[in-house]
1. Take the Cα atoms of the range 177-295, find their three principal axes, and give me the spread along each one in whole Å, biggest first.
2. Taking the Cα atoms of the range 299-372, what is the range of coordinates along each of the three principal axes, in descending order and whole Å?
3. What size of dipole, in debye to the nearest 20, comes out for the range 40-81 about its Cα centre when the only charges are +1 on Lys and Arg C-beta atoms and -1 on Asp and Glu C-beta atoms?
4. Would you tally the net charge around residue 252, using a Cβ to Cβ cut-off of less than 14 Å, leaving residue 252 out, and scoring K and R as +1, D and E as -1?
5. Of 43/264; 62/89; 89/264; 62/275; 148/322; 89/275, which pairs sit farther than 27 Å apart, going by alpha carbon to alpha carbon?
6. When the Karplus curve 6.51 cos²θ - 1.76 cosθ + 1.60 is applied with θ = phi - 60°, which whole-Hz ³J(HN,Hα) does each residue of the range 75-85 get, with x for Gly and Pro?
7. In what order do 257, 293 fall by count of nearby beta-carbon atoms within 10 Å, going from fewest to most?
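Since every read-out is calculated from the coordinates, none of them should be taken as a lab result. Just so it is clear, the structure is predicted and the values come from calculations on it, not from any experiment. Note: ideal-geometry Cβ built from the backbone for every residue, glycine included; neighbour counts use all protein chains shown.
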Amino acid sequence: MRINSFPIQKFVTVLMALSMVTPIFAGYAAPRSIPKSLTEEQKIMHVLNRLGFGARPGDVEKVKAIGLQKYIDQQLDPKEIPDTVAESKVKGLDVFGMSTSELFAKYPNPGALLRQIEGTGNNAQPKANQPNAQTPADPADMTDADRKERRQKIAAIYQEPMVFPDLNVAENIFTLADFYLDLHAGGRTLFIQPSTHVVVSEGMAPELVRTNARLAEVFGVGITVQTTNMGDYRMPAAYTSVGGIPTLAAEMGMGGWVTGDSVKATREATHRFLKHTGVLPRIETVPGVPTRWTRINGAAAYVFAPCDGYFERRFELGDAIKTGQLAGMMHHLERPELEPEPVYFKSGGMLYAHGLVGHVRAGQNLAVLTQDISAP
């Protein structure tokens, strides 16, 4: 029986023709519209926004007068920019003329000093005249008693007058400040919701409380955490809070990381802050969002890892948590035959922050809750 193959041959011929024509059409695209070039003023505004906090009154005219390229060169070499006002205010501080080695000699870091005393530095070896001397254990292998003793030693070093001379850098610098804004990108081991922190403590002047609260509202991010302190007073935000200087701290990143969105949100919030405080009164701003006032209510607001292992969390940032709710399961990696251990929340509230995903050590922070409060 003879089969007519003409239809098949014709079909194959059509496919071959199409295969040769298709790349021509695939490579064709509508011509792009040529973007219009920026005007001189638009270029200047773009540079002022990229290299600083935006244009202040008269900045555009100043850049026009000296030329855009010269302005950029100045910003890349700030030593050439006259700054007599700031220099006159800090001329009495000798720290600005010290080398790094001189700074460490005069203001030693207590932790580093303790490691040197204990002989736990990178190149530490038992002293030759002390044959029985032992190199202290690695901090990761320390017991709770060891860590407590170490903290006590550091605290004692902080009290030594030879370590902290009469010249108090924070006192000399921050007493000149009208406001203080402390920006953070979250802790290295925590994902924290974008938020601000404001100190409202017993005995604080009512006017300072109102000013701090207003700064948080102007900053305009979704959450404000009211706290009674900012930690050790030698830290800038803590010092300014204790010293009666209006202070706002902000967590605007996650896990120590930043993204395009977080940078944009931080820039917009900082613009609002600078306009409100009168630093850049004419800067353009976009509205923020109403802030939700919260507080971390003691130890019950935290969830810690009960042991080493892998924590399988059962929550997300922003979740509404109830007391006794399952936080997650702790998997024993070294003993996989054991059943996962459930971990529960000790209180209720909003899931404000949580730890990174993966292996955790006993005592590591797994979650932090906040509870809603009224604005001060």
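1. 40, 38, 25
2. 41, 20, 19
3. Numbers: 7 positive and 7 negative charges, 14 e Å.
Value, rounded to 20: 60 debye.
4. Numbers: positive: 264, 267, 272; negative: 182, 251, 261, 268.
Net local charge, residue 252 excluded: -1.
5. On the way: 43/264 20 Å; 62/89 25 Å; 89/264 32 Å; 62/275 21 Å; 148/322 33 Å; 89/275 23 Å.
Beyond 27 Å between Cα atoms: 89/264; 148/322.
6. 5, 7, 9, x, 4, 7, 8, x, 9, 5, 5
7. Working: 257 11, 293 20.
Final ranking by Cβ density, sparse to dense: 257, 293.
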